[in-house]
Amino acid sequence: MLEIKNVKKTFNKNTINEKKALNGINLQLNEGDFVTVIGGNGAGKSTTLNMIAGVYPIDSGRIEIDGVNISRYPEYKRAQYIGRVFQDPMMGTAAGMEIQENMALAYRRGKGRGLAWGIRQSEKSYYQEALKKLDLGLENRMTNKVGLLSGGQRQALTLLMATLQKPKILLLDEHTAALDPKTAKKVLEITEEIVGEQNLTTMMITHNMKDAIQIGNRLIMMHEGKIIYDISGEEKNHLEVEDLLRKFEEASGEEFSNDRMILAK
Amino acid sequence: MNGLMISLQDAVVQGVLWGIMVLGVYITYKLLDIADLTVDGSFALGGCVCAIMVLVFKMDPWVALLLAGMAGMVAGAITGLLHTVFEIPAILAGILTQIGLWSINLRIMSGKSNIPLLKTDTIVSKFIDFTGANKQAASLIIGVGIAVIMIVLLYCFFGTEIGSAMRATGNNEAMVRALGVNTNWTKLLALTISNGLVGISGGLVCQSQKYADIGMGTGAIVIGLAAIVIGEVLMGKLRSFGSKLTSAVVGSVIYFVIRAVVLRMGMNANDMKLLSAAIVAVALCVPVVLRKWRLKAAYTEGGE
Ligand SMILES: Nc1ncnc2c1ncn2[C@@H]1O[C@H](COP(=O)(O)OP(=O)(O)O)[C@@H](O)[C@H]1O
Ligand SMILES: [Mg+2]
């Protein structure tokens, strides 16, 4: 499904600000894998997702989706395979456009865009049904500007938009981190529901260890641009936060540090 | 009094013809958040191309107008390429094209800085022959007709798949790319369409005033921005996209009416650019000042 082979990335090469962000990432995802990603500040989690999505070109290595080498595709061309939700609720939607217009844009992800109407009448009932499932009352506000929505509503909408057109892989970068705990919980529930329903292959960065353990079938831990721990199946189910902390110290020889990381059990 | 009426009527006609240019500026400035300085050059380009096509190549004035629009589109595309492919900041890319166009426009007019169209047919004279209307009425009807057509076309275009992707590009570029749209393409297209409108406007103004002049576009961007600001003040409450486009043309008409009035009141014509710049500067400053003022006013020492 997704195959990442020895991907490296250094930012600001040959300058005083040179930063090795990815030090040879190798990862293979199977169809339907739901992987949670944890790691300290600056471990390279976001960069990994950005490399898959093609936000920046990689320095070396290879990224394949379903056997297609997308390593050199520009970001907009990879979008046909990838659904994304960002940490910042402002980033996933166009504030000045209507809810239904945003959805129509997302519905056409990866499709050629021409001079056909940007939104057809027949799509609207489909969007309405989809919004109803979020249970946020958005189905009655389809012509509202997205800028009027709360952060949580925008994140839920972004999630829905990312999956309207089934992606081969869904990338979630701390998509609940900017929300209050109650809203975060709700958005996480919606995430599990949508992913489960469509059996989506998913990578989710989270700073909540408990979520990382409970959600999904696989967990990877990153440190200094490398994957230092990869656990799945039965083994993952029995994981405790302490195990993760111990694993981290073993692998890195340092104490786990992430000022945002929630270590609570 | 009679003189005032005539100059006001003139102002309305000018406002409508320049309003087509304002529509172009609206696309780049309001939808894509780019202040595109190409327009000073592409407006004059439209005028020069139109004059030469009519005068030297004896073309039908409508065809000449079309060519003026196409010339404007080429100019916009050059700015678009400089900005997107070569990542030159939009303002600088526009200035480069504008400066280059100055020389090109002079070459188009064979080195003359002014070309009168005294005895040739124009779309205005053709319309007069056809209907018997007077000159002002003819210019007004043509101007309003073209403005309405352009507004309808733009309204439809921005409702299409490409059009909505373009609007979204101005809203949130990262999202649009994540949804599979090449934002370089949407920006390039927007700049091209915008300057096409500017070129047509230049051609219309040239035909209605019966001359093209190398300096006819100087300060056009500021006129465009001022007209947009005025339109927003007058019609900002209206939300639909169609009324926003209309407000651009209405703003242009009001701009030229204000101009006619202050000139009539004895203001030096050379000071007009200062007035326009001041209108735009004030419009841009007010929201910032308000925001800062609110921040200050919201501060309380106790943290209440
Ligand atoms: N666009 C960029 N330019 C320069 N450095 C970057 C950029 N993006 C990330 N980095 C650096 O790469 C490292 C990894 O960052 P990131 O992947 O965002 O970490 P995290 O695991 O916290 O998401 C950090 O040191 C960060 O400062
Ligand atoms: Mg991150």
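The values are calculated or read from the model by the stated rules, or taken from the named source; none is laboratory data. Fair warning: this is a prediction, and the values are worked out from it, not measured in the lab. Reconstructed Cβ throughout: ideal geometry from the backbone, glycine too, with neighbour counts over all protein chains shown. All accessible areas refer to the heavy atoms of the entire protein, side chains included, with ligands and DNA or RNA removed. Shrake-Rupley method; radii C 1.70, N 1.55, O 1.52, S 1.80 Å.
Select from region A:214-234 the residues that are more than 16 Å from ligand 2 (Cβ to nearest atom) and either touching a strand residue (DSSP E or B) at 6+ places or on another chain (Cβ under 7 Å) or closer than 17 Å to residue A:251 by Cβ (or both) and list them in ascending order.
Correct list: A:215, A:216, A:217, A:218, A:219, A:228, A:229, A:230, A:231, A:232.
If I go through region A:1-21 residue by residue, how many of them are part of a strand (DSSP E or B) and either within 14 Å of ligand 1 (Cβ to nearest atom) or farther than 27 Å from residue A:170 by Cβ (or both)? Walk me through it before giving the result.
Taking region A:1-21 and keeping what is part of a strand (DSSP E or B), we get A:2-11, A:19-21.
Narrowing the set further to residues that are either within 14 Å of ligand 1 (Cβ to nearest atom) or farther than 27 Å from residue A:170 by Cβ (or both) leaves A:7-11, A:19-21.
So the count comes out to 8.
Could you go through region B:257-280 and let me know if any residue there is exposed (fewer than 14 other Cβ atoms within 10 Å of the Cβ), of a type in the set (Lys, Arg) and farther than 30 Å from residue B:6 by Cα.
Scanning region B:257-280, I find no residue that is exposed (fewer than 14 other Cβ atoms within 10 Å of the Cβ), of a type in the set (Lys, Arg) and farther than 30 Å from residue B:6 by Cα, so the answer is no.
Quick check: is even one residue across region A:78-96 within 16 Å of ligand 2 (Cβ to nearest atom), open to solvent by 10 Å² or more (accessible area, probe 1.4 Å), hydroxyl-bearing (Ser, Thr, Tyr) and under 17 Å from the mean Cα position of the chain (by Cα)?
Checked against the condition, which is being within 16 Å of ligand 2 (Cβ to nearest atom), open to solvent by 10 Å² or more (accessible area, probe 1.4 Å), hydroxyl-bearing (Ser, Thr, Tyr) and under 17 Å from the mean Cα position of the chain (by Cα), region A:78-96 yields no hits at all.
Quick one: would you say residue B:23 is outside any loop (DSSP other than H, G, I, E, B) and open to solvent by less than 10 Å² (accessible area, probe 1.4 Å)? Walk me through how you get there before you give the answer.
On the way: outside any loop (DSSP other than H, G, I, E, B): yes; open to solvent by less than 10 Å² (accessible area, probe 1.4 Å): yes.
So residue B:23 fits the description; yes.
Which one is nearest to the other protein chains (Cβ to nearest Cβ) among residues in region A:36-57 that are surrounded by 22 or more Cβ atoms within 10 Å (Cβ to Cβ), outside any helix (DSSP H, G or I) and more than 13 Å from ligand 2 (Cβ to nearest atom)?
My answer is A:54.
Please go through (1) aliphatic (A, V, I, L, M); (2) away from every other protein chain (no Cβ under 14 Å); (3) within 16 Å of ligand 2 (Cβ to nearest atom) for residue A:172 and return the number of the only condition it doesn't satisfy.
(2)
Within region A:185-207, track down each residue that is within 16 Å of ligand 2 (Cβ to nearest atom) and either more than 11 Å from the chain's Cα centre (by Cα) or among the basic types (Lys, Arg) (or both). Outline the logic, then answer.
First, the residues of region A:185-207 that are within 16 Å of ligand 2 (Cβ to nearest atom): A:203-207.
The one that is within 16 Å of ligand 2 (Cβ to nearest atom) and either more than 11 Å from the chain's Cα centre (by Cα) or among the basic types (Lys, Arg) (or both): A:207.
Checking residue B:5 against (1) touching a residue at least 24 places away in the same chain (Cβ under 8 Å); (2) part of a helix (DSSP H, G or I); (3) over 14 Å from residue B:199 (Cα atoms), which test does it fail?
Residue B:5 satisfies all of (1) touching a residue at least 24 places away in the same chain (Cβ under 8 Å); (2) part of a helix (DSSP H, G or I); (3) over 14 Å from residue B:199 (Cα atoms) except (1).
Taking only region A:161-203 into account, find how many residues are within 16 Å of ligand 1 (Cβ to nearest atom) and of a type outside the set (A, V, I, L, M).
Going residue by residue through region A:161-203, those that are within 16 Å of ligand 1 (Cβ to nearest atom) are A:171-178, A:203.
Cutting the leftovers down to of a type outside the set (A, V, I, L, M) gives us A:173-176.
The qualifying residues number 4.
From (1) assigned to a loop (DSSP other than H, G, I, E, B); (2) surrounded by 21 or more Cβ atoms within 10 Å (Cβ to Cβ); (3) under 16 Å from the mean Cα position of the chain (by Cα), pick out the condition that doesn't hold for residue A:113.
If we test residue A:113 against (1) assigned to a loop (DSSP other than H, G, I, E, B); (2) surrounded by 21 or more Cβ atoms within 10 Å (Cβ to Cβ); (3) under 16 Å from the mean Cα position of the chain (by Cα), just (3) comes out false.
In this structure, does residue A:234 turn out to be under 23 Å from residue A:47 (Cβ atoms), more than 18 Å from the chain's Cα centre (by Cα) and not small (Gly, Ala, Ser)? Outline the logic, then answer.
Working: under 23 Å from residue A:47 (Cβ atoms): no; more than 18 Å from the chain's Cα centre (by Cα): yes; not small (Gly, Ala, Ser): yes.
The answer is no for residue A:234.
Do you know which of the residues in region B:161-183 that are polar (S, T, N, Q) and either under 22 Å from the mean Cα position of the chain (by Cα) or open to solvent by less than 10 Å² (accessible area, probe 1.4 Å) (or both) is nearest to residue B:93 (Cα to Cα)? Can you show your working first?
Of all residues in region B:161-183, those polar (S, T, N, Q) come to B:164, B:169, B:171-172, B:182-183.
Going one step further and asking which of them are either under 22 Å from the mean Cα position of the chain (by Cα) or open to solvent by less than 10 Å² (accessible area, probe 1.4 Å) (or both), we end up with B:164, B:169, B:171, B:183.
Numbers: B:164: 25, B:169: 19, B:171: 21, B:183: 17 Å.
Applying the filter and picking the extreme gives B:183.
Given B:197, B:204, B:189, which one is open to solvent by 30 Å² or more (accessible area, probe 1.4 Å), part of a helix (DSSP H, G or I), in contact with a helix residue (DSSP H, G or I) (Cβ under 8 Å, 6 or more places away or on another chain) and not hydroxyl-bearing (Ser, Thr, Tyr)? Full working, then the answer.
Numbers: B:197 fails: open to solvent by 30 Å² or more (accessible area, probe 1.4 Å); B:204 fails: open to solvent by 30 Å² or more (accessible area, probe 1.4 Å).
B:189 is the lone residue from the list that is open to solvent by 30 Å² or more (accessible area, probe 1.4 Å), part of a helix (DSSP H, G or I), in contact with a helix residue (DSSP H, G or I) (Cβ under 8 Å, 6 or more places away or on another chain) and not hydroxyl-bearing (Ser, Thr, Tyr).
List pairs: first residue in region A:209-230 and on the phi > 0 side of the Ramachandran plot, second residue within 15 Å of ligand 1 (Cβ to nearest atom) and in a loop (DSSP other than H, G, I, E, B) anywhere in the structure, Cβ distance under 6 angstrom, at least six positions apart or on different chains.
Cβ pairs passing all conditions: A:225/A:44.
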